[in-house]
Structures are given as C-alpha cells and as structure tokens.
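Have a look at the structure below, then the notes.
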Amino acid sequence: YGSKNGSIEPGGAEFVPLKDRHGKPFGLFGTWMSPNLEFATIYLGVIAVWFFGLTVWQAILAALVGTGLGALTHGILSARGPKAGVPQMIISRVSFGYVGNILPAGLNAIIAGAGWFAVNSVSGGFALATLTHMDPKLALLIVIVVQILVALFGHNLLQRWERIAFPILAVIFLLGLIFSVGHANISAATGGGGIGGFLIVVGATFGYAAGWNPFASDYTRYLPPTVSKVATGWWAALGVLVSCVVLETVGALAATYMDIKG
C-alpha cells in the first residue's frame, strides 16, 4: 500500500505496518484545513451575533477561545498517532478499557457515520443541484457515490483529496472574507448577550473543533513513528484552528449585513 493513492487501503483498525508509513507532519495542515472550509463553520459565527447577542469582536474572541481549546486537544491526540499506529477509537481503549470503549465508539459511529454523513451529503447535493440545475435527488446520489468511493480507497486518497481541495477552498472562502469585510456594518451588532451568550458560543465553537478529536490519530497513524510529536500535534491543531476561526469570523461579519428575516 505504502503511499499509493490509487490502491484500496488493505487494513482496517489494526496497527499500520512500518513499511507502509510515510508522509510528514506539515501535510496535516491541509488535511485539517479542508474539512472545515464549509458553510457549517460560517453559521457558528452567524448565530453568535444573531441568536446569542454578541458583538462581532465578542464573537471572534469567543471563537478564538472555544476553537483554541478544541484545537489544543486535537493536537495532543494527533501527536499520539505515529507511535500508536492505530485509529483514535482504538487508542481510547487505554482510557476506557475494551468494554468501556464500546459506548464512546458506538456514539461516534452514529454521530459521524450517520449524522455528519447525512448533513454533508444533503448540503453537497443541494450545492451541486444549484450549480448544475439537475434534479436534487440525482445530485444527492452523485455526492453520496463520490463520498463512498473516496472512503473505499481509504487513507491515502482521503489525504490526497483534502490537500488538493485545500487551495481551491481557501481561495473561495478568502474571497468570501474580503466580501464580508467590505460589506460589514460592525456597529449593527450591538451585543447584549452578556457572559451567558459568550460562554454558549465558546462551548459551540469548542464542540465544533473538538468534534474532530475522535478521528485525530486516524490521520497521523501512517506517519513514521520517528516524526516529531510536537510538529505532528502543531500542524494538526493549526489546521483546525485557522480554518474554523477565519470562517467563524466571516459568519460574524456576514451577520451584520444580512437580514435575519430574509
């Protein structure tokens, strides 16, 4: 298997053989930037202003605190992957035990395997239908098939996919940031949410970033065990932190010029 992108990943949750180890920690930056460059991340910034009564600056600060904490835990967990060589849910057996780990692993399978797969498939299907004017059901089917095929080939293709998508998505959302800054009316977000609203947004942004924690070592277990743990954790954490905070900032700015009723 090695570093081949066109081969189906032969293993599952077992230890990755040393002969198949490859890559460098820096690659994790693009791996973790891409999944968060999406509209769900922007909505966290929007609801911070619209529903929880924060000013733009309060929303950005809350995003920095919450996302920073989630990215920190993500980096710590990611750093364990090269040496352990197994997915995060397998490493969790060290903390919860073999039997005790059934509950968190089972919940993770439901939340990610069913929940996020459905959310991403539907939003992707609507986007494809809007761009091509095809039937939404057909668009949804295409998105689902593409996702399954990429997942079928496994780790290497997933990593490659994310790194190719990263610069494209980065340009798209950078333009969105420029547009948001140019049209924002920061004074329109008068605040009033108080410490309660601030803490809710901190919790929401932390949960969003930490939602990747159950998969942290999944994307570092193919790295050679000799790579730097600090670099591994740093690049993984930075990818989550930068992507989330920037897009949550876009959302907070956008909330100042979008009509909530429109």
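The values are calculated or read from the model by the stated rules, or taken from the named source; none is laboratory data. No experiment lies behind these values; they were computed from the predicted model shown. Please note: Cβ atoms are built from the backbone with ideal geometry, for glycine as well, and neighbour counts cover all protein chains shown. Side chains are part of the model used for accessible areas, which takes the heavy atoms of the whole protein and leaves out ligands, DNA and RNA. Shrake-Rupley method; radii C 1.70, N 1.55, O 1.52, S 1.80 Å.
With respect to Ser217, determine if the residue is in contact with a helix residue (DSSP H, G or I) (Cβ under 6 Å, 6 or more places away or on another chain), buried (at least 22 other Cβ atoms within 10 Å of the Cβ) and over 28 Å from Phe179 (Cα atoms). So Ser217 fits the description; yes. Restricting the range 179-201 to residues that are assigned to a helix (DSSP H, G or I) and modelled with pLDDT under 90 leaves a set whose member that is surrounded by the most Cβ atoms within 10 Å (Cβ to Cβ) is Ser180. Would you be able to say whether some residue in the range 255-262 is aliphatic (A, V, I, L, M) and within 13 Å of Ile60 (Cβ to Cβ)? Yes, because at least one residue in the range 255-262 is aliphatic (A, V, I, L, M) and within 13 Å of Ile60 (Cβ to Cβ). Of the residues that make up the range 96-107, is at least one open to solvent by 30 Å² or more (accessible area, probe 1.4 Å), outside any helix (DSSP H, G or I) and of a type in the set (Gly, Ala, Ser)? Yes, there is a match, as at least one residue in the range 96-107 is open to solvent by 30 Å² or more (accessible area, probe 1.4 Å), outside any helix (DSSP H, G or I) and of a type in the set (Gly, Ala, Ser). Checking every residue in the range 243-251 against the condition of being within 12 Å of the chain's Cα centre (by Cα), β-branched (Val, Ile, Thr) and either surrounded by fewer than 20 Cβ atoms within 10 Å (Cβ to Cβ) or not in a loop (DSSP other than H, G, I, E, B) (or both) gives at least one match. Sub-9 Å Cβ pairs linking a first residue in the range 181-193 that is free of Cβ contacts under 8 Å to residues at least 24 places away in the same chain to a second residue that is open to solvent by 60 Å² or more (accessible area, probe 1.4 Å), at least 6 apart or interchain, number zero.
Only residues that are open to solvent by less than 30 Å² (accessible area, probe 1.4 Å) and modelled with pLDDT of 90 or more were counted across the range 1-35, and they come to 11. Residue pairs whose Cβ atoms lie under 6 Å apart, separated by 6 or more positions or on different chains, with the first residue in the range 5-32 and closer than 12 Å to Pro82 by Cβ and the second modelled with pLDDT under 90, are His22/Ser3. Restricting attention to the range 125-155, the residues that are open to solvent by 60 Å² or more (accessible area, probe 1.4 Å) and not in a helix (DSSP H, G or I) add up to 2. Would you confirm whether or not the range 43-50 contains a residue that is of a type outside the set (A, V, I, L, M), more than 21 Å from Ala210 (Cβ to Cβ) and either without any contact (Cβ under 8 Å) to a residue 24 or more places away in the chain or in contact with a His (Cβ under 8 Å, 6 or more places away or on another chain) (or both)? Scanning the range 43-50 turns up no residue that is of a type outside the set (A, V, I, L, M), more than 21 Å from Ala210 (Cβ to Cβ) and either without any contact (Cβ under 8 Å) to a residue 24 or more places away in the chain or in contact with a His (Cβ under 8 Å, 6 or more places away or on another chain) (or both). Which residue, of Ala71, Ala40, is closer than 27 Å to Gly154 by Cα and surrounded by fewer than 17 Cβ atoms within 10 Å (Cβ to Cβ)? One residue alone meets the criteria, Ala40.
Every condition in (1) open to solvent by less than 60 Å² (accessible area, probe 1.4 Å); (2) touching a residue at least 12 places away in the same chain (Cβ under 8 Å); (3) over 28 Å from Trp57 (Cβ atoms); (4) not charged (D, E, K, R) is met by Gly115 except one, and the failing one is (2).
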